[in-house]
Ligand SMILES: Cc1ncc(COP(=O)(O)O)c(C=O)c1O
């Protein structure tokens, strides 16, 4: 396991290691997905490493593995626990198809496990890495459980590639701050990390309920999705809506919204308009008035 300064650095290290080993010439990202927006720094950095980028669609079961196989990529970055941004949990059939794909072509899965600690209705889903530790890089982060400002993450690498990732870390910054790691280790070994997670799950669950209640009251015809885990939901807009216009009009009413368009990789995929509604960093009591203020725009 290599300690990083968060998922962002972990991904960078893994991609550099794979490129240096000559293991990949093309890496795929979920579409819509984190890192797939055309302007995204990650994609630019990947292209600068001489690695091509492919975009693979996501449906109601998660990443469409048949499209991944057709893309020619040898590595893929996925968010199986809670797809970013659709919120879909990668189905068991797709998990097996994905690890079968990696074994078949000698490819790699880069698992972004950013939201797995926060699952509300069921037990947390297991990491994909458990199904194929020789093919899956598991990247974890303290950004969601503690705070993005902590800048601590970890990379579980397939054993033959661990030293290549460690070498990239060494070259990049020689190592993450030891005091921060000791503090995190103390939180883990004393059980305080788990207690914090249990407490925060209750706080986020209350915000999640405030959001679903506000929609039921003010925008009753809209079905929110992606709420099984994490801190955001997706609200579809009526067909033909202008996402950007809705966001601008909401901003005039002092409500900050994000469109799913920001997460689209392939500009020619005309995915339906939708909003990504985050509740990780808003107070519970502000949710209902905010949705009430923009209800006419959403419906
Ligand atoms: C999809 C996704 N993965 C990972 C992260 C965490 O990144 P980092 O650990 O670099 O803060 C985020 C944070 O917003 C995210 O949205």
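The values are calculated or read from the model by the stated rules, or taken from the named source; none is laboratory data. Not measured: the values here are computed from a predicted model. No Cβ is skipped: glycine too gets one built from the backbone with ideal geometry, and neighbour counts run over all protein chains shown.
Values for this structure:
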| read-out | value |
| --- | --- |
| Residue that is farther than 30 Å from residue 203 by Cα and buried (at least 24 other Cβ atoms within 10 Å of the Cβ), where the choices are 65, 76, 43 | 76 |
| Residue under evaluation residue 47, criteria (1) at pLDDT below 95; (2) assigned to a helix (DSSP H, G or I); (3) within 16 Å of the ligand (Cβ to nearest atom), criterion not met | (3) |
| Subset of segment 258-291 (residues that are without any contact (Cβ under 8 Å) to a residue 12 or more places away in the chain, in a helix (DSSP H, G or I) and under 19 Å from residue 30 (Cβ atoms)) | none |
| Count - residues of segment 184-219 that are over 17 Å from residue 274 (Cβ atoms) and outside any helix (DSSP H, G or I) | 2 |
| Complete set of residues in segment 61-79 that are free of Cβ contacts under 8 Å to residues at least 40 places away in the same chain and away from the ligand (no atom under 16 Å from the Cβ) | 61, 64, 65, 66, 67, 69, 70 |
| Of the criteria (1) buried (at least 17 other Cβ atoms within 10 Å of the Cβ); (2) outside any loop (DSSP other than H, G, I, E, B); (3) modelled with pLDDT of 95 or more, which one residue 249 fails | (1) |
| Segment 16-34, residues that are surrounded by fewer than 24 Cβ atoms within 10 Å (Cβ to Cβ) and either free of Cβ contacts under 8 Å to residues at least 60 places away in the same chain or out of contact with any strand residue (DSSP E or B) (no Cβ under 9 Å at 6 or more places or on another chain) (or both) | 16, 19, 20, 21, 22, 25, 26 |
| Residues located in segment 113-164, provided they are in contact (Cβ under 8 Å) with a residue 24 or more places away in the chain, assigned to a helix (DSSP H, G or I), within 16 Å of the ligand (Cβ to nearest atom) and farther than 26 Å from residue 97 by Cβ | 148, 150 |
| Residue count for segment 1-13, restricted to those that are away from the ligand (no atom under 13 Å from the Cβ) and in contact with a helix residue (DSSP H, G or I) (Cβ under 6 Å, 6 or more places away or on another chain) | 1 |
| Members of segment 223-257 found to be under 28 Å from residue 197 (Cβ atoms) and touching a residue at least 60 places away in the same chain (Cβ under 8 Å), listed by number | 225, 226, 227, 228, 229, 230, 231, 232, 233, 234, 235 |
